[in-house]
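Participant: Take a look at the following structure, please.
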């Protein structure tokens with residue numbers, strides 16, 4: 001069944017979008033907002049109105065006006081991978097949402113030229129005339145000022161979990177290792193972050209692998225928001241939540257970075273934790289310069305969808321054909 005990633009200020013569920021080639025665009029868009037004209041300050045009411053407008057344009061099948069609301073560097077993250085603007089618009093062509101219900105709005109300014117809005121959305125839809133089952137998801141969209149106009153540069157969505165998943169049991173430390181595991185040494189203090197969002201994210205995971213939760217907390221802005229299938233967390237909730245998981249064997253790949261402006265950047269990547277259910281997730285974090293220190297202001301995780309089954313080989317197709325099955329069946 002085809003599912004699309006929901007982009008409100010940007011997109012609808014596109015969970016089956018084709019992953020794009022892994023690249024790091026940090027160098028090519030470092031000055032994406034250089035010299036831009038000032039925009040009117042974006043309020044929560046403004047952000048909500050723009051998000052609803054994007055949905056309305058899709059309902060009206062006005063894909064041209066919808067595309068005009070998106071930045072050229074937009075990144076759309078779903079369970080099926082990461083899409084750019086062209087791939088997203090192609091995927092959404094013919095997609096029409098209906099009976100859309102919004103709730104739980106949260107607005108977070110990042111800097112004077114960027115912000116993120118988070119909400120819960122339920123809706124029905126059709127794709128090229130075919131009905132799509134009702135969707136229930138947590139959605140997030142980041143917007144940036146481009147020459148005086150607010151446009152969407154990022155969107156991600158996580159299907160609401162039917163019930164919170166139980167934490168993966170962490171290995172019990174031996175008596176000799178217990179002190180080192182629960183009480184990080186002074187040498188395990190937090191490292192200094194920078195404008196390199198990917199490097200910052202690796203520092204976060206290094207702290208988590210070492211169970212250094214004080215260091216982990218130091219990387220989060222006081223106003224930080226985390227979005228997961230189980231719900232939306234503030235900083236305290238995020239710090240508490242990570243302590244129920246063992247991520248010592250986590251593998252991070254498929255990195256992609258996009259600059260919002262000189263003081264904010266997004267990094268998105270794939271996480272694999274052997275033995276965890278789900279084993280693979282798409283993660284995204286927005287880092288911002290807060291008074292000279294780069295901190296994580298937003299994070300979202302979305303379970304990766306299983307890859308579609310491979311097409312059968314000619315030999316397999318032949319053996320599975322009706323005539324072959326008939327010949328093999330007992331008489």
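Participant: In the range 241-256, is there at least one residue being under 14 Å from residue 228 (Cβ atoms) and free of Cβ contacts under 8 Å to residues at least 40 places away in the same chain?
Facilitator: yes
Participant: Residue by residue through the range 219-255, note down the ones that are surrounded by fewer than 16 Cβ atoms within 10 Å (Cβ to Cβ) and farther than 21 Å from residue 275 by Cβ.
Facilitator: 222, 223, 234, 236, 237, 240
Participant: Select from the range 256-279 the residues that are in a strand (DSSP E or B) and surrounded by fewer than 17 Cβ atoms within 10 Å (Cβ to Cβ) and list them in ascending order.
Facilitator: 272 - this is the single residue of the range 256-279 that is in a strand (DSSP E or B) and surrounded by fewer than 17 Cβ atoms within 10 Å (Cβ to Cβ).
Participant: Right, another one. Would the range 202-219 turn up any residue that is within 21 Å of residue 143 (Cα to Cα) and touching a residue at least 60 places away in the same chain (Cβ under 8 Å)?
Facilitator: Taking every residue of the range 202-219 in turn, none turns out to be within 21 Å of residue 143 (Cα to Cα) and touching a residue at least 60 places away in the same chain (Cβ under 8 Å).
Participant: Report yes if residue 265 is over 23 Å from residue 143 (Cα atoms) and in contact with a helix residue (DSSP H, G or I) (Cβ under 9 Å, 6 or more places away or on another chain), otherwise no.
Facilitator: no
Participant: Okay, moving on. Do we have any residue at all in the range 55-63 that's touching a strand residue (DSSP E or B) at 6+ places or on another chain (Cβ under 7 Å), part of a strand (DSSP E or B) and at pLDDT below 95? Steps first, answer last, please.
Facilitator: First, the residues of the range 55-63 that are touching a strand residue (DSSP E or B) at 6+ places or on another chain (Cβ under 7 Å): 55, 58-59, 61.
With part of a strand (DSSP E or B) added as a condition, the list becomes none.
No, the range 55-63 has no match at all.
Participant: Test each condition in (1) buried (at least 17 other Cβ atoms within 10 Å of the Cβ); (2) closer than 24 Å to residue 246 by Cα; (3) at pLDDT below 95 for residue 212 and report the one that comes out false.
Facilitator: (3)
Participant: Same structure, new question: With respect to residue 75, is the statement that it is closer than 15 Å to residue 139 by Cβ and in a strand (DSSP E or B) true?
Facilitator: Numbers: closer than 15 Å to residue 139 by Cβ: yes; in a strand (DSSP E or B): yes.
Yes, satisfied.
Participant: Sticking with this one: Can you go through 285, 253 and tell me which one is at pLDDT 95 or above, part of a strand (DSSP E or B), under 17 Å from the mean Cα position of the chain (by Cα) and farther than 23 Å from residue 119 by Cα? It would help to see each step written out before you state the result.
Facilitator: Working: 285 fails: farther than 23 Å from residue 119 by Cα.
So the residue among 285, 253 that is at pLDDT 95 or above, part of a strand (DSSP E or B), under 17 Å from the mean Cα position of the chain (by Cα) and farther than 23 Å from residue 119 by Cα is 253.
Participant: Please give the number of the condition residue 296 fails out of (1) closer than 22 Å to residue 78 by Cβ; (2) without any contact (Cβ under 8 Å) to a residue 40 or more places away in the chain.
Facilitator: Of the numbered conditions (1) closer than 22 Å to residue 78 by Cβ; (2) without any contact (Cβ under 8 Å) to a residue 40 or more places away in the chain, the odd one out for residue 296 is (2).
Participant: So if I check each of 141, 103, which one is touching a strand residue (DSSP E or B) at 6+ places or on another chain (Cβ under 8 Å) and surrounded by 22 or more Cβ atoms within 10 Å (Cβ to Cβ)? Before you say what the answer is, go through the steps one by one.
Facilitator: On the way: 103 fails: surrounded by 22 or more Cβ atoms within 10 Å (Cβ to Cβ).
After applying the criteria, what remains is 141.
The values are calculated or read from the model by the stated rules, or taken from the named source; none is laboratory data. As the structure is a computational prediction, the values presented were derived from the model and not from experiment. All Cβ positions, glycine included, derive from the backbone under ideal geometry; neighbour counts span all protein chains shown.
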